[in-house]
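Throughout, read-outs are computed from the coordinates displayed, never taken from laboratory work. As the structure is a prediction and not an experimental result, all values here were calculated from the model. As a convention, Cβ positions derive from the backbone with ideal geometry for all residues, glycine included, and neighbour counts pool all protein chains shown.
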Amino acid sequence: MDLYEHQGKELFAKHGIALAESAVARTPEEARRAAERMGGRVAVKVQVQTGGRGKGGGIVLTKEPQEAFDAAERLLHQGFNGTPVTRVLVEKLVDIRGEFYCAITLDRSAGTYLAMVSNEGGVDIEEISRTSPEAIRRANVHPVIGMKGYAVRYLAGHLPADAKAGAAGLLPKLYEVLTAEDATLVEVNPLALLTDGTVIPLDAKVTIDDNALYRHPELAALRSEFPVDPTQARANEQGLQYVKLDGEVGIIGNGAGLVMSTLDVVSQAGGKPANFLDVGGGASADSMATSLEVVLSDPQVRSVLVNIFGGITRGELVAQGILEALKRVDPKVKIVVRLDGTNAEEGREILERAAHPTLVPAATMLEAAAKAVELANAGEGA
């Protein structure tokens with residue numbers, strides 16, 4: 001669960017991290033009053049669960065309260081990159097001498113946490129990694145050992161001399177946020193050195209492990225504050241294992257491993273998956289129909305790949321489910337179907353007899369992925 005910036009900063013404050021003065025505003029008038037209290041020179045920052053706010057006009061620097069009112073009014077009414085906005089963070093401007101980057105996240109391949117500090121900040125870390133890899137220092141932190149002084153000194157060792165002490169004092173506190181709140185990511189960009197020598201976070205990106213929310217009822221309660229994608233909401237209502245992605249090839253499979261493999265082969269074929277959807281090991285005709293309805297309701301989807309390997313699942317039931325779904329919806333995109341395993345031949349015969357103009361058969365997973373990507377790239381409808 002990705003927190004809004006102000007929620008991440010509330011966790012920072014809970015763990016003793018110093019921050020710039022700020023206030024959450026849900027109306028333009030609240031933004032104006034907050035700016036007045038802070039002397040007028042504030043940043044009005046849109047609160048969304050996506051990045052790119054600075055580049056996209058989601059952070060506005062103001063000199064007087066009316067400008068804060070105007071900025072909040074625009075962001076609250078227009079939204080940000082298609083995302084509804086319910087609040088902004090009004091934060092007092094500070095005098096900055098330098099900007100850096102730091103983050104602590106999971107390193108699943110090593111079975112540890114990974115801490116990173118860059119002596120460049122305020123831009124995408126991916127860009128820094130590409131253009132100035134020497135600017136980033138990394139250190140693995142074992143969860144049993146914790147963040148020790150030698151790791152902190154190494155991570156902060158390439159920062160300017162007047163920033164080292166402040167950064168070194170902050171890193172253990174960020175690690176405390178990560179572990180105490182069951183987070184999988186704590187990121188600060190930028191981490192600012194102020195003219196008075198103080199080092200403070202000017203941003204906070206915190207991701208909480210969904211599986212640990214039962215231990216944090218106060219964090220679990222925040223779910224209701226986040227907008228839910230309509231397709232995701234529909235999948236949740238149906239009890240489907242669905243994750244919305246940002247591609248154009250809709251994916252339906254049975255079994256998490258097969259679906260993940262399908263995402264991989266679609267990527268290898270040059271496409272981008274639009275979702276992860278697992279109908280389960282015993283997919284019924286009804287669940288297949290519901291799954292197709294959900295995937296086809298996503299306006300980003302330009303083709304669909306149904307990849308079923310029958311073990312418990314029977315091919316003829318999958319085929320019946322696909323045809324039932326086509327009675328409920330009017331698909332505007334092609335649906336590539338690959339069936340294999342239990343009663344797959346019977347399923348393929350059912351689909352062949354139906355001769356639905358939307359359906360495109362495929363013999364193998366690689367062939368199915370290639371066809372789905374080709375159709376998505378061509379933008380071909382049914």
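Each residue of segment 197-208 in turn: what ³J(HN,Hα) in whole Hz from Karplus with 6.51, -1.76, 1.60 and θ = phi - 60°, glycine and Pro shown as x?
x, 6, 10, 9, x, 9, 8, 8, 10, 10, 10, 9
Taking a threshold of 25 Å on the Cα-Cα distance, which of the pairs 272/334; 14/45; 14/63; 14/244; 55/164 fall above it?
14/63; 14/244; 55/164, as the Cα separations exceed 25 Å there.
Around residue 209, which amide H atoms from residues at least 5 apart in sequence, or from another chain, sit under 5 Å from its own amide H, with H modelled in the peptide plane?
Under 5 Å from the amide H of residue 209 lie the amide H atoms of 183, 184, each far enough along the sequence or on another chain.
Only one of the values [x] 2.18; [y] 1.17; [z] 0.97 was calculated from this structure for Cα Rg over 2.2 N^0.38 Å; name its label.
[y]
Connecting C-alpha atoms closer than 10 Å in a GNM of the chain, tell me which of 73, 225, 126 has the biggest fluctuation.
In the Gaussian network model the winner is 126.
Assuming 0.36 nm per residue, please report the length gained on full extension of the stretch residue 332 to residue 286 beyond their Cα-Cα distance.
14.5 nm
Output wanted: per-residue J couplings in Hz (rounded whole) for segment 6-13, from phi through Karplus 6.51 cos²θ - 1.76 cosθ + 1.60, θ = phi - 60°, x for Gly and Pro.
Couplings: 5, 6, x, 5, 5, 5, 4, 4 Hz.
Below 8 Å, C-alpha to C-alpha, sequence gap of six or more: please give me the relative contact order for the chain in percent.
Once divided by the residue count of the chain, the mean separation gives 12 percent.
Residue-wise, which Karplus ³J(HN,Hα) couplings in Hz belong to segment 338-353, taking 6.51 cos²θ - 1.76 cosθ + 1.60, θ = phi - 60°, and x for glycine or proline?
10, 10, 8, x, 4, 6, 5, 4, 4, x, 5, 5, 4, 5, 5, 5
Once you keep just the Cα pairs under 8 angstrom separated by 6 or more residues, what percentage relative contact order results for segment 230-378?
Once normalised by length, the contact order is 25 percent.
Regarding segment 21-92, what's the average projected area of the Cα-atom convex hull, expressed in nm²?
3.9 nm²
Taking amide H atoms as placed 1.01 Å from N in the peptide plane, list the residues 5 or more away in sequence, or in a different chain, whose amide H sits under 5 Å from that of residue 310.
340, 341, 342
Points 7 angstrom from Cα along the Cβ direction at residue 94 and residue 355: gap in nanometres?
7.1 nm
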